[in-house]
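Here the structure is laid out as structure tokens; the discussion comes afterwards.
Throughout, read-outs are computed from the coordinates displayed, never taken from laboratory work. Since this is a predicted model, take the numbers as computed values, not measurements. Neighbour counts are summed over all protein chains in view; Cβ atoms, including those assigned to glycine, are modelled from backbone coordinates with ideal geometry.
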Amino acid sequence: MKDLATLCLKADLLHFLSETEMEFIPNGMLWIENGNVKKMGTAEFVSKELASDVPIVDYTGKLILPGFIDGHVHAVQTQAIASYGKQLLDWLESYTFPLEQKFEDPQFARSAIRFFLNQLLKNGTTSAAIFPSRHAETSAILFEEASELNMRILAGKTAMDRNAPQALCDETGSTYQENSLLINTYHQKNRLSYLITPRFAITSTPEQLSALGKIKKEYPAMAMQTHISENKDEVSYTKKLFPKAKNYLDVYDREGLLGKGTLLAHGIYLEEEEWSRIAETQTSLVHCPTSNLFLGSGLFNIQKCRDYAIPLALGSDVGGGISFSMLKTAAEAYKVAALQKMKFTARDAFYLLTLGGAKALNIDQFVGNFETGKEADFVIIDPNASELMQARLALAKDIDELLFVLMILGDERNIEAVYLQGEKKSVNNHR
Ligand SMILES: [Zn+2]
């Protein structure tokens, strides 16, 4: 393997050591050795040991944060974004399923996946839990392209075998084998992780879910990603389809698919028993506010999630969500909390976008903050990227106020550069 980047960056550094401990170091230094964090702190502290041959990159006046983490996004729905608002089930049928069928063509798939990954990076997102289409080839392309970029992603073939167009349904009995093949080829290769990925209860037969449960038994540490309780019609249809299940969650639970790192997107209409079972199994939830508002799904109860101490990530959920920007996603999470008279501070947001998200995805041993030895995925932020932000920030009293303005007004224009393991990947062209 080739040597990874060694360099030192000068800027204001900000990261979290825990949910309640934010560390902000103005005019600090971040020293990267062979792609990993070697040391971070004040310029005086770091420069004492810094070898003279380490190149220094000067971002004075800019903010360096760990790369953002998107806990739920679809690689095959980019062009379904901003499709006139119907509720979930109609929206899937009218816009999403027709688009996903196009991924049958590997050439279309490759160019769409490249565009998608580039959108993540342009928005400062360095890791994501991703749904491709049901085609095994699309998953292969996604893993190959992410690997080429050296991006830490989690993904798995989206399993479906009913209540969708025939072209999007797995052939009977093929789910186990197609998943196994992909797992053998890509799981834990470079920075890739495989996730067992049933789209949601409605589009899987009990037989398909059992096949996925069998995979979970073979790879107990492997997590699942799926959707749950996003929309009232979806919840009642699920109950009809699975009359023997105790509740929606039980459809996944009885196949042994819950546990650490498993990601349940939405969770708006969870029942009390489901909340407590999610907490008990250390399963994670993913809050996707732009999608929930756009599709008129409902308001996620973030306070309940805190009360149960359930690991949480924020998700863009493009194309139900309306932006790849995790800053915009956080701004909508603030509004969803405000509508319910709940607290959601900028610290809450930036924790979830970095270390909190990494914990929910169970990748915090690799990324999420600037602890020594972690992979150096980070984002350079220019808080003054727009005239309006510049004018507003002239009155900001402290870092919390700056972060709040960044969360409410920020977007991809604020992302000046993105680094994966110390290697610069993109510069935004907002100027
Ligand atoms: Zn989704």
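From the square roots a ≥ b ≥ c of the eigenvalues of the alpha-carbon gyration tensor of region 1-56, which class results: rounded (a/c under 1.5), prolate (a/b over b/c), or oblate? Write down the numbers at each step before the final one.
On the way: a/c = 2.66, a/b = 1.44, b/c = 1.84.
Here region 1-56 falls in the oblate category.
Structure remark: mean-square fluctuation, Gaussian network model of the chain, C-alpha springs under 10 Å; the largest value among ALA75, ALA265, ALA221 belongs to ALA221. If the segment from LEU17 to SER180 were pulled out straight at 0.36 nm per residue, it would be longer than the present Cα-Cα gap by 55.0 nm. Each label was represented as a point 7 Å from its Cα along the Cα-to-Cβ direction; for GLU280 and ALA82 these points are 4.6 nm apart. The simple spin-label model puts a point 7 Å past each Cα toward its Cβ; for GLU272 and ASN384 those points are separated by 5.4 nm.
Under a Cβ-Cβ cut-off of 14 Å, what is the net charge of the residues other than GLY373 that fall near it, where Lys and Arg count +1 and Asp and Glu count -1? With Lys, Arg at +1 and Asp, Glu at -1, the net is -2. Over all alpha-carbon pairs in region 292-378, figure out the percentage whose distance exceeds 14 Å. Value for region 292-378 (Cα pairs over 14 Å): 67 percent. Compactness of region 68-360 is given as radius of gyration and Dmax, 17.2, 48 Å, from Cα positions.
If R0 is 30 Å, what FRET efficiency do you get for ASP307 and GLN166 from their C-beta distance, rounded to 0.05? All intermediate terms of the calculation are to be shown ahead of the outcome.
Working: r = 44 Å, r/R0 = 1.46.
E between ASP307 and GLN166, to the nearest 0.05, is 0.10.
Sorting 118-128, 415-425 by average packing, meaning the other beta carbons within 10 Å per residue, from highest down gives 118-128, 415-425.
Result for the chain in a Gaussian network model with C-alpha springs under 10 Å: among LYS397, LYS304, LYS343, the largest mean-square fluctuation is at LYS397.
What you get for region 68-360, charging only the Cβ of Lys and Arg (+1) and of Asp and Glu (-1), is a dipole of about 740 debye around the Cα centre.
Percent antiparallel among DSSP beta bridges with both residues in the chain, to the nearest 5? Write down the numbers at each step before the final one.
On the way: 28 of 58 bridges.
That works out to approximately 50 percent antiparallel.
Reducing region 237-268 and region 120-161 to their Cα centroids gives an inter-centroid distance of 23 Å. Here the peptides 353-360, 20-27, 77-84, 99-106 are ranked by packing, the mean other Cβ count within 10 Å, and the order with the highest first is 353-360, 99-106, 77-84, 20-27. Hey, what angle do you get for helix 206-218 against the long axis of the chain, alpha-carbon based, 0 to 90 degrees rounded to 10? With both axes taken from Cα atoms, the answer is about 50 degrees.
Count charges around ALA245 for me, please; just the other residues with Cβ under 13 Å from its Cβ, Lys/Arg as +1, Asp/Glu as -1.
Values: positive: LYS239, LYS240, LYS244, LYS246, ARG254, ARG277; negative: ASP250, ASP253, GLU255, GLU271, GLU273, GLU274.
Residues close to ALA245 contribute a combined charge of 0.
Tell me what the chain gives for mean residue ellipticity at 222 nm when only DSSP H runs of n ≥ 4 count, each as -39,500 (n - 2.57), the sum divided by the residue total, rounded to 500 deg cm²/dmol. After summing the helix terms and dividing by the residues of the chain, the value is -9500 deg cm²/dmol.
The relative contact order of the chain comes to 20 percent, based on Cα pairs under 8 Å that sit 6 or more residues apart.
Of GLN208, ALA331, THR42, which is farthest along the charge dipole of the chain in the positive direction, counting Lys and Arg as +1 and Asp and Glu as -1 at C-beta? Positive-most Cα among the choices belongs to GLN208. The Rg/Rh ratio for region 305-431, using Cα coordinates for both the radius of gyration and the Kirkwood hydrodynamic radius, is 0.97.
Once the Cβ-Cβ distance between PHE45 and SER94 is put in as r, and R0 is 60 Å, what FRET efficiency do you end up with, to the nearest 0.05?
Working: r = 57 Å, r/R0 = 0.94.
So the FRET efficiency works out to roughly 0.60.
The protection proxy used here, the mean number of other Cβ atoms lying within 10 Å of each residue, ranks peptides 284-292, 363-371 as follows, highest first: 284-292, 363-371. Net charge of the neighbourhood of THR290, taken over other residues with C-beta under 9 Å away and scored Lys/Arg +1, Asp/Glu -1, is -1. Between helix 136-149 and the chain there is an angle of about 10 degrees, using the helix long axis and the longest principal axis of the Cα atoms.
Please give the helix 399-409 orientation as an angle from the longest Cα principal axis of the chain, in degrees from 0 to 90, rounded to the nearest 10. It works out to around 50 degrees. Centroid-to-centroid, using Cα positions, region 18-72 and region 100-115 are 37 Å apart.
With a simple spin-label model that places each label point 7 Å from the Cα along the Cα-to-Cβ direction, the separation between ASP53 and PHE115 comes to 4.5 nm. If the segment from LYS260 to TYR219 were pulled out straight at 0.36 nm per residue, it would be longer than the present Cα-Cα gap by 13.5 nm.
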